[in-house]
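Here's the structure, in C-alpha cells; my notes come after.
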Amino acid sequence: MPITAVRGIIEKHQGHPAAAIAILQDLQKELMWLPESALRVTALRLGIPLTQIYGLATFYRSFSLKPRGRHLIQVCLGTACHVRGAPRIEQSILDNLGITLKLEDAYKIYADQLGKTVDALPA
C-alpha cells in the first residue's frame, strides 16, 4: 500500500491521536496486516511515539504484524478444549482444506500463536 493511501486513512480520521485504534483497524482491514512502514507513518502523522503505536498494535489481538491470509481459522488447544476433542477438530479442518503440516511447521505456527488460541470455549 502506498504511503499516500496510509495518509488517506489517517486523514479520514482527521489526524486525531485519539483515533489511533480506529486508524490501525482501518489499516488492518485494508492491508490484512500492519507493516512497519504503515506504523511509522501513522506515528509520525499523529505525533505519537512509534513505541505507543507499536504497543497498541501488539496489545490488541485483532492486529497482525505479519502478513496473513484472508481467512483466519483458530482452534482452541487449551486443556479444556483438548479433552473435548480439539485435536480431532483441528485435523478434520486440515484434512478438509487439504493442508498437510510438517512437524517443524506446526511447531512454528503454534509457537507464533501461543497465548492467542488458548481461550477456552464454553461447554
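Bear in mind that the values in this text are calculations on the coordinates, not laboratory data. For clarity, every value in this text was computed on a predicted model and none was experimentally measured. Glycine also receives a Cβ, built like all others from the backbone with ideal geometry; neighbour counts cover every protein chain displayed.
Within region 45-84, which chymotrypsin sites (Phe, Trp or Tyr not before Pro) sit in a loop by DSSP and count at most 11 neighbouring Cβ atoms inside 10 Å?
Details: sites: 54, 59, 60, 63; in loops: 60, 63.
Passing sites in region 45-84 do not exist.
Residues 83, 75, arranged from fewest to most other Cβ atoms within 10 angstrom of their Cβ, appear as 83, 75. Between residue 51 and residue 12, residue separation times 0.36 nm minus the direct Cα-Cα distance comes to 11.8 nm.
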